[in-house]
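Visitor: Input: one structure, supplied below.
FYI, it's all coordinate maths here, none of it is from the lab. These figures come from a predicted structure and were not determined experimentally. Using ideal geometry, Cβ is built from the backbone for each residue, glycine included, and neighbour counts are taken over all protein chains shown.
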Amino acid sequence: MTAMPTLSAGPVPPTVGSAHVPAPSGTAVLEAPTVAVVGLGYVGLPTALALVASGCRVIGVDVSTERLDAIRRQDVDLLPSDRDRLGRTLGGPGLELTADPAAIASADTVMVCVPTPVDPHLVPDLRALSAACATVVAHAVPGQLLMLTSTTYVGTTRDLLVGPLGERGLRVGEDVHVAFSPERIDPGNAHHAQDSTPRVVGGVTARCTELAAEVLAHTAPSVHRVGSAEAAEMTKLFENTFRAVNIALANEFADNCRGLDLDPLEIIEAAASKPYGFMPFYPGPGVGGHCIPCDPHYLLWQLRRLRISSPLVDTAMTAIAGRPRQVVRRALELLADRGLPLAGARVLVSGIAYKPGVADVRESPALEIIEELAELGAEVAYADPLVPEARLHGTVRHSVADPGAQEWDLVIVHTVHPGTDLGWLTDRPSVLDATYRLTGLPSKAVL
């Protein structure tokens, strides 16, 4: 038995009409540039591969030699199409991998693609971004285009690039050009490939915008220009805050449906039959990755400093942060219904990646669920075919190879990867389906 849980909305809508800043008539794509991609993580590596495929020469820069070695071994989490690209690219002239930041100086364009997480207190952690921008500024040379893609607060491009470049005596818009273009990578989703997704860009000057659009045109079907780097920064925050608010709403409606003895998916699918004014979002055990649970906090953090309230976003993010604990409370209820205490109960979490089809556990709700269950005395294990080992509750744990061969007091289904066979759940005494997608289970419960 398989399921298709999702924590995101449907297809990305088509790009909106004309851009805020129109492209000059007769604009043509320039000859493929040499691009330095700083940061080769889940955004930077696919970006580098797409640029190479478009004919650009790419210098991939990453401070982690371990990451560079993993890329050379092809031991990285990529879509099948990007994995094929990587295999064809390695060893060829199109991609150079290096940990030496001095290589940045030889590029025409520099793209910064580093993570922007939040700390345990949900405060933006800008260390990686600040360090990467400082490195780029230190090695910048006249004539370059510097483009920031990491999701961050409004004004970052000016704070971390424009100001420091000026201190070096480099005039933005004359000596060097600077723009912001938010990444739009959807890990594990082949339907939203990078080369079929429009890009947004805003430069510090109109010329900066146009030069950045020329580079982006190598890997995007269209480029939507906005009037400033700040507008582009806010665009990304709005995109992911929109998703966060709607996911929180979907979770709340699912809770309401359980109280009214209704199937939330039946309600969502019925509402989605309306061809306008509705976009389906689905409930689940929480939200993971470095986008939805993190990005809106960059906006809230900045607004608080300006004494501006955003009660809807604040409430939604609070609800999202509390969702894993709600899973734990529901697990306790289900065990209690069978007369079993949580302490000593054998609990399996099926799937711990933050979304189907990826081996990524960053910010995964499963980690918090497992940790809290263990703190309450449960004997917790996990099974995930894409995550053979993970650090859980302070120790390295390994995925259970054959979960169907063992007895469990409770199975919590957190993530279902494509092609996963969950037929062994049929005769389990208690299954908590946090995806809401499983059918045909006599002992199934939802949140």
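Visitor: Over what distance in Å are the Cα centres of segment 47-87 and segment 353-391 separated?
Guide: Measuring centre to centre over Cα atoms gives 27 Å.
Visitor: Mind listing the phi-derived Karplus ³J(HN,Hα) values for segment 164-181, rounded to whole Hz, using 6.51, -1.76 and 1.60 with θ = phi - 60°, and x for any glycine or proline?
Guide: Calculated HN-Hα couplings, in order: x, 5, x, 5, 7, x, 9, 8, 6, x, 10, 6, 9, 10, 9, 8, 10, 9 Hz.
Visitor: Mind jotting down the distance between the C-alpha centroids of segment 282-333 and segment 130-180, whole Å?
Guide: Rounded to whole Å, the Cα centres lie 31 Å apart.
Visitor: Same structure again: Hey, if you put +1 on the Cβ of every Lys and Arg and -1 on every Asp and Glu Cβ in the chain, which of Ser350, Pro275, Ile247 ends up farthest toward the positive end of that dipole?
Guide: Pro275
Visitor: Using Cβ counts within 10 Å as a stand-in for footprinting exposure, how do Arg428, Arg325 rank, fewest first?
Guide: By the 10 Å Cβ count, ascending, the order reads Arg325, Arg428.
Visitor: Also, quick follow-up: Which order results if Ile267, Ile369 are arranged by neighbouring Cβ count within 10 Å, fewest first?
Guide: Arranged by neighbour count, lowest to highest, Ile267, Ile369 become Ile267, Ile369.
Visitor: Per-residue HN-Hα couplings for segment 297-305, Karplus 6.51 cos²θ - 1.76 cosθ + 1.60 at θ = phi - 60°, whole Hz, x for Gly and Pro?
Guide: Taking θ as phi minus 60°, the curve returns 6, 5, 5, 4, 4, 5, 5, 4, 5 Hz for segment 297-305.
Visitor: Using the 10 angstrom Cβ neighbour count as an exposure proxy, how do Asp69, Asp402, Asp62, Asp125 rank, fewest first?
Guide: Asp402, Asp69, Asp125, Asp62
Visitor: Could you give each residue of segment 143-157 its phi-based ³J(HN,Hα) in whole Hz, using Karplus coefficients 6.51, -1.76, 1.60 with θ = phi - 60°, and x for Gly or Pro?
Guide: After applying 6.51 cos²θ - 1.76 cosθ + 1.60, I find x, 7, 10, 10, 10, 8, 10, 5, 5, 7, 6, 5, x, 4, 4 Hz.
Visitor: Can you give the Rg and Dmax of the chain based on its C-alpha atoms, in angstrom?
Guide: Both quantities, over Cα of the chain: 23.2, 74 Å.
Visitor: What residues have an amide H closer than 5 Å to that of Thr205, excluding those fewer than 5 places away on the same chain, when H is modeled at 1.01 Å from N in the peptide plane?
Guide: Hits under the 5 Å cutoff: Val178.
Visitor: If I take the Cα coordinates of segment 249-352 and project them onto the principal axes, what are the three extents in Å, biggest first?
Guide: 51, 38, 25 Å, listed from the longest principal axis down.
Visitor: Hey, another quick one. Taking K and R as +1 and D and E as -1, what net charge do the other residues with C-beta under 14 Å from the C-beta of Leu90 add up to?
Guide: Charge balance in the 14 Å sphere: 0.
Visitor: Could I ask something else about it? Taking amide H atoms as placed 1.01 Å from N in the peptide plane, list the residues 5 or more away in sequence, or in a different chain, whose amide H sits under 5 Å from that of Asp125.
Guide: Residues meeting the amide H criterion: Val118, Asp119.
Visitor: If amide hydrogens are placed 1.01 Å from N in the peptide plane, which non-local residues have theirs closer than 5 Å to the one on Val200?
Guide: His224
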